[in-house]
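To keep things clear, I will list the structure first and then write my remarks on it.
The values are calculated or read from the model by the stated rules, or taken from the named source; none is laboratory data. Quantities reported herein were computed from a predicted structural model and do not represent experimental measurements. Neighbour counts run over all protein chains shown; Cβ positions are idealised from the backbone, glycine included.
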C-alpha cells in the first residue's frame, strides 16, 4: 500500500488530533489541498494573517496546528502571525506550497516572485522566525523530513517551516510508515544533573520562609499545568499566575494569590511576591506587558526557573533538564506554606464591573480569549474557574490576533465537545483589522461569544500616548456584521449599564452556547480597567516604551 | 530655525507631493505621528497590509508614497505589500518606528520582539525586499540619510526601508536643508555609449520591414509614457501594450494594435507581434501572467529593450544608459510603418459584454484598478481613452491588493482633482481579504466606484484547478457594507443583465463621481472573460504553474 505525500502529511497530523487545516488556497498549494482526506477539514480563512491567528488559537487548545499557504505573497502575508507563534512559544507547522522543482531549476516562473529568479528568498526570511525548516526536494526522504518537522515543532513548541514543491505532493510514499506513531518523547534527563538540580531546589525550599510559585505561559505550552497544581497541593506554597499564563492554575484553589503583573499588580499581590524569599517560576516567558515594566525583577535572588528543556537555579543553568520530569522528582519533598491574604476588589467602574462580574458567569473548561490592550488587562480582575483556558498574545501583541484565534479555538473545542464555550473580548478598534474571520465562523456554524468592547477607538493607545486623532477609528454598525455575513442562527445584543450586564449573565438561555452571539459592550470613551489605569499612572516612570 | 526630524521627513515628502501618509499607529510610531504637520494627512488604515496596498495605489498616481508602521508585528504585517512593491518596481518609502536607541542597547524591551533581545531581525528580513535600507542612530546624519533614502526610492522605483528610533523623531535638525529641493536627476548617460546604442537602434530600425513597439509597466514608472508616445508618432510603428503596462499608451491612437498577452493574445495581435522583425520594448517587466506563459519569447531576435538604467540591443547590454535620454536622441530618426488590422470583438458573453461596454463609459484621466484574476484579464478587452491610468498588480499578484490600492489612488486623485474618477473591479472572493479598507474610504469621504464581481467564489482558481470546494467562499450581503461602515452619502446597485449595464452606463448621474458607489455585478458561476478562457484552454500546455 502506498499513499500520496500530501495524504501522508495529513495522516500524521490527524494522529496528533489536528483535524482542521488553516489557510487560503493559492496557486502552489492547490495540489496539496487536493490530497486532503475527507476526515480532515480545510477551514478556508479570509486572509493568510487571519489564518495564522486562527491556527494559533487552535493549537492553544490542541497543542499543534497546521497552516497552509502558497509561495510568495501568501506566505509573506502570514509572516507576522508566524513571528507571533515564535515569540509566544507555540507549535505551528507552516506548510508552504512552492513551485515545482523543475520550475525552480529553470528559474522560469515569475508570478509571485520578486522577478529576479530567486526562489529561496522567502524561505530565508522564514528562517528568522522558525525553530527549524525544511525545503523538500526528494520524495525518498520527504516522509522522514515531515516527521522530523512535526516532531520538532511539537517538542520545541515553536513554528516550523516546510516548503513543499507542488510536483511532490501527489507522488507515492509507503503507507507503512504511518503504523508507527511519531515518537514525541524527549531524551531523558541526565539523572546526575537532575538529582543535583532537585537537591539544590530542596535546599532552597527548606531554607525559605516565604516561598511562592509563579506560573507563566510555558507551563501550559509544555503540558505542565497538572504537575504545577500538584506541586502547589504538595507544598501549599502560594501560587500566582502571570497575565500570559492566566488559565494555567486553578484560581479557585485556596492557595491562589492572584495575577502578578509586576508593579501594576494589586498591592497585596505585589507585596506578597516582593516579600518572597524564594520564587519557583514555572514556564516563565516574561514580557514587558506581562510584567508591566522592564525594571521588573523578583526582589529575591533565590529564583528557580523551570523551562521545557532547562532549569536555572539562581545563576546556574542546567541545560537539558526538562521541567516536567524534574518537577515529578521534586514532588517527593515536604511542603511548607505561607498564607496570602485574599484580595479586595476596588470600587466598581463600568469596565471593572464587567470583568469582576464575568467570573461568576464563567464555567469550568471555558476558553476565554482577550485581545492585547484593554481586554487583556481587564481580564486580570476576573477570577477563572478551574480548567479555564485563557488565550492572549501578550508577548507579541499583534493587534487583531484574537478574532482569528477565536475561530481556531472554537473549531478545536467543538471538535471534541460542542458544549465547551469560547468567549472573545475584543475592542472595536482591534476588531477592524481582522473582522472578516467572523465570516468564517459563520460559514462553519460555530457558536462563540463575541464581546465587542465599544469605547469609540483605541483606549489603550490614548492612555499610552494622549488623545491624538490618529487613535480615532471609523465607527461601525457592529451588530450588523452577523447578518451581513449571512449568519442564520445568531443573537446580538447591546449592553450599556451594569443592569444590562446582570440581566445578560442571569439569562440561562444566554449561557447556553447554542448559536453565535455578538454582544456590543458600550463603554465610556476613556474608561479603562484598573490595571490599565496603572499603566497610565506609571507613565514616564517604569514603562520605557512610553517615554521613548 | 530648526525643526524636528519627523517634521523634516514629512516636509521632504510634501516637496514631492506626498501629502497622505499610510499606516496603522503602533507603540513605536506614535512619537513620529505626533510630528505630522497639519498640511499632511494621516490616513489611518484598517490594517498594515491594507496600508501597504493603499500606499502602492497612491504612488501609482503620484510616483512616491510613504508607509509608516511600528517595529515587529506592525512592519511584518506589511511585508507582503512591500514585497509586491519590490516585484512591481514602485517607489514605496517604508518608515518603521523602532524602539529608542537606549532600549535597543540595553536589550530591555521585549514586547513585539521575538523575546531573544534581537532588535535587528526585522530589518534583516526587510533587506530582502528593499532597494536600500537605513537604520538611523545618529541625529547628525539622519537628515542626509532620509534624503538619500527618498532619492533612491524615487530613482530606482523600488521600496526603501527606514528604521527610525522613537527617541530621534523629536530631536532638532536645521530647517535650512529644506531650502534646496532633493536632486532627483540621474547622472547623465555616457555620451559615447549612448551614441553607440542609438546608432545600433537606427540600423535595426532602418533594416526592419515589420517593426513594432511594445510598452510595458516600466514606461509609466520611470516617466517615459510621453516619450514612448512621441516615438510612435514619429516612427508610425504599431504599438502594443502588455497587461501590466495597460494605460501606458493612448489606445485611441491609430497605430494602437492591442494588448499583447503572449499566446493568450487576440489572434491578430499575436500574429502581428510574431511577424515582427524588430521589437522596441519600452520598460519591459515580464511576468508569466502578463505574457501568458514562460516559454514566451519574441519570435525575432531583433529586440531592443529600453530600461530605466540600461539598454539591451539584441544580446548586448549597455549599463547606465537611461531610456528616457536615449529615446530622446532616437527620436531624431525617420519613421517607418506597418499597419495592423483593427481587432474584431467576439460574440458577447455576459462578462465580455461588461468589459467591452465599459470602454465607452470611461473618460480621459480615469483611474481603472483591476484585481489580479478575472478582472485583470477582463479589462484587456476594454479600450481605454487616452491618459487612462491602469493599476493592476500583475507580477506579484497578491489577492486583495486592489481594495487597498483603490483607497490610495482615490486619495491621491482627489488631492489634485476631485472630478477624477477612480474605478475598482474586484471579485467577491478577493474583496473578503481586505474589505475593511472600504471603511477608510468612507471615513475620508472619498467617492470611488467599487464594482464587485459576484460569481460566487474564485472563478480563476476554478478554471486553473477544477471545481474543488476550497474555492467556495462564504456569501456576503455585499451591498450592506457601505451602511455598516456608516457611509452617509452613497449609492448601491446590483446589475444582472446586459440591459442593467446599459441603463447604468447611460445614466448621466451615475457617471458623476459625487458619492461613493458600490455596484454588485451578478455573473454566472463559471463565466470568465475571453482571455481567461484562453488560460483554461492552454491548461497543461504552456502555463507551467498549472501543471506543477
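Within the range A:143-159, can one find any residue that is in contact with a helix residue (DSSP H, G or I) (Cβ under 8 Å, 6 or more places away or on another chain), away from chain B (no Cβ under 14 Å), part of a strand (DSSP E or B) and modelled with pLDDT of 95 or more?
No, every residue in the range A:143-159 fails to be in contact with a helix residue (DSSP H, G or I) (Cβ under 8 Å, 6 or more places away or on another chain), away from chain B (no Cβ under 14 Å), part of a strand (DSSP E or B) and modelled with pLDDT of 95 or more.
Residues to consider are B:49, B:30, B:76; find the one that is within 10 Å of chain A (Cβ to nearest Cβ), buried (at least 21 other Cβ atoms within 10 Å of the Cβ) and at pLDDT below 95. Steps first, answer last, please.
Numbers: B:49 fails: at pLDDT below 95; B:76 fails: at pLDDT below 95.
Sole residue among the options that is within 10 Å of chain A (Cβ to nearest Cβ), buried (at least 21 other Cβ atoms within 10 Å of the Cβ) and at pLDDT below 95: B:30.
Residues checked against (1) buried (at least 17 other Cβ atoms within 10 Å of the Cβ); (2) over 19 Å from residue A:374 (Cα atoms); (3) within 11 Å of chain B (Cβ to nearest Cβ); (4) modelled with pLDDT under 85:
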site	(1), (2), (3), (4)
A:463	yes, no, no, yes
A:469	no, no, yes, yes
A:502	no, yes, no, no
A:506	no, yes, no, no
A:512	no, yes, no, no
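Of these, B:114, B:136, which one is within 12 Å of chain A (Cβ to nearest Cβ) and either surrounded by fewer than 23 Cβ atoms within 10 Å (Cβ to Cβ) or at pLDDT below 80 (or both)? Even if it seems obvious, please write down each step before you answer.
On the way: B:136 fails: within 12 Å of chain A (Cβ to nearest Cβ).
Matching residue, one of B:114, B:136: B:114.
Mind counting the residues in the range A:169-180 that are out of contact with any helix residue (DSSP H, G or I) (no Cβ under 6 Å at 6 or more places or on another chain) and in contact (Cβ under 8 Å) with a residue 40 or more places away in the chain? Walk me through how you get there before you give the answer.
In the first step, residues of the range A:169-180 are kept if they are out of contact with any helix residue (DSSP H, G or I) (no Cβ under 6 Å at 6 or more places or on another chain); the result is A:170, A:172, A:174-176, A:179-180.
Applying the additional criterion that residues be in contact (Cβ under 8 Å) with a residue 40 or more places away in the chain yields A:170, A:172, A:174-176.
The number of residues fulfilling the criteria is 5.
Out of the residues in the range A:471-480 meeting the condition of being part of a helix (DSSP H, G or I) and facing chain B (nearest Cβ under 7 Å), tell me which one is modelled with the highest pLDDT. Break it down stepwise before answering.
Of the residues in the range A:471-480, the ones part of a helix (DSSP H, G or I) are A:471, A:478-480.
Checking the rest, the ones that are also facing chain B (nearest Cβ under 7 Å) come to A:471, A:480.
Numbers: A:471: 76, A:480: 96.
Of everything passing the filter in the range A:471-480, A:480 is modelled with the highest pLDDT.
Scanning for something part of a helix (DSSP H, G or I), under 24 Å from residue A:63 (Cα atoms) and modelled with pLDDT of 90 or more, does the range A:354-370 turn up at least one residue? Reasoning before the result, please.
As a first pass, look at the range A:354-370 and keep what is part of a helix (DSSP H, G or I): A:354-361.
Those still in the list that are under 24 Å from residue A:63 (Cα atoms) too: none.
No: zero hits.
Of these, B:221, B:203, B:230, which one is touching a residue at least 40 places away in the same chain (Cβ under 8 Å), over 24 Å from residue B:88 (Cα atoms) and not assigned by the TED database to the domain that holds residue B:377?
Details: B:221 fails: over 24 Å from residue B:88 (Cα atoms); B:203 fails: touching a residue at least 40 places away in the same chain (Cβ under 8 Å).
None of the other options fit; the residue is B:230.
Scan B:187, B:199, B:180 and give me the residue that is surrounded by fewer than 18 Cβ atoms within 10 Å (Cβ to Cβ) and over 32 Å from the mean Cα position of the chain (by Cα). Spell out how you get there, then give the answer.
Numbers: B:187 fails: over 32 Å from the mean Cα position of the chain (by Cα); B:180 fails: over 32 Å from the mean Cα position of the chain (by Cα).
B:199 is the lone residue from the list that is surrounded by fewer than 18 Cβ atoms within 10 Å (Cβ to Cβ) and over 32 Å from the mean Cα position of the chain (by Cα).
What is the one condition in (1) in a helix (DSSP H, G or I); (2) modelled with pLDDT under 85; (3) touching a helix residue (DSSP H, G or I) at 6+ places or on another chain (Cβ under 6 Å) that residue B:285 does not satisfy?
The one condition residue B:285 does not meet is (1).
Within the range A:66-73, identify whether any single residue is over 14 Å from residue A:24 (Cβ atoms), surrounded by 23 or more Cβ atoms within 10 Å (Cβ to Cβ) and not assigned by the TED database to the domain that holds residue A:245, and answer yes or no.
Narrowing the range A:66-73 to residues over 14 Å from residue A:24 (Cβ atoms): none.
No, every residue in the range A:66-73 fails to be over 14 Å from residue A:24 (Cβ atoms), surrounded by 23 or more Cβ atoms within 10 Å (Cβ to Cβ) and not assigned by the TED database to the domain that holds residue A:245.
Suppose we keep only residues that are in contact with a strand residue (DSSP E or B) (Cβ under 7 Å, 6 or more places away or on another chain), surrounded by 24 or more Cβ atoms within 10 Å (Cβ to Cβ) and not in a helix (DSSP H, G or I) within the range A:79-104. Which one would you say is nearest to the other protein chains (Cβ to nearest Cβ)? If you could, list the steps in order and put the result at the bottom.
Going residue by residue through the range A:79-104, those that are in contact with a strand residue (DSSP E or B) (Cβ under 7 Å, 6 or more places away or on another chain) are A:82, A:85, A:92-101.
With the extra rule that they be surrounded by 24 or more Cβ atoms within 10 Å (Cβ to Cβ), the set shrinks to A:82, A:85, A:92-99.
This time we only want the ones that are not in a helix (DSSP H, G or I), so: A:92-99.
Values: A:92: 14, A:93: 18, A:94: 14, A:95: 14, A:96: 13, A:97: 9, A:98: 9, A:99: 7 Å.
Within the range A:79-104, the match that is nearest to the other protein chains (Cβ to nearest Cβ) is A:99.
Among the residues of the range B:54-63, are any under 30 Å from residue B:116 (Cα atoms) and more than 10 Å from chain A (Cβ to nearest Cβ)?
First pass over the range B:54-63, keeping only residues under 30 Å from residue B:116 (Cα atoms): none.
No, the range B:54-63 has no match at all.
Is it the case that residue B:63 is on the phi > 0 side of the Ramachandran plot and under 20 Å from the mean Cα position of the chain (by Cα)? Quick ask: steps written out before the conclusion?
On the way: on the phi > 0 side of the Ramachandran plot: yes; under 20 Å from the mean Cα position of the chain (by Cα): yes.
Considered against the rule, which asks whether it is on the phi > 0 side of the Ramachandran plot and under 20 Å from the mean Cα position of the chain (by Cα), residue B:63 comes out as yes.
Among the helices (runs of 4 or more DSSP H) lying completely within the range A:191-239, list those that include at least 3 residues that are modelled with pLDDT under 85 and at positive phi.
Details: elements: A:191-207, A:217-221, A:225-235.
Correct list: empty, since no element meets the threshold.
Determine if the range A:481-491 includes at least one residue that is buried (at least 16 other Cβ atoms within 10 Å of the Cβ), in contact with a strand residue (DSSP E or B) (Cβ under 6 Å, 6 or more places away or on another chain), within 14 Å of another protein chain (Cβ to nearest Cβ) and in a helix (DSSP H, G or I).
yes
Select from the range A:371-407 the residues that are crowded, with 24+ Cβ neighbours inside 10 Å, in a loop (DSSP other than H, G, I, E, B) and touching a helix residue (DSSP H, G or I) at 6+ places or on another chain (Cβ under 6 Å) and list them in ascending order.
A:371, A:373, A:382, A:392, A:393, A:394, A:395, A:396, A:398, A:399, A:400
Return yes when residue B:433 is more than 30 Å from residue B:21 (Cβ to Cβ), within 14 Å of chain A (Cβ to nearest Cβ) and either surrounded by fewer than 16 Cβ atoms within 10 Å (Cβ to Cβ) or modelled with pLDDT under 95 (or both) and no when it is not.
Values: more than 30 Å from residue B:21 (Cβ to Cβ): no; within 14 Å of chain A (Cβ to nearest Cβ): yes; either surrounded by fewer than 16 Cβ atoms within 10 Å (Cβ to Cβ) or modelled with pLDDT under 95 (or both): yes.
When the stated conditions are applied, residue B:433 does not pass them.
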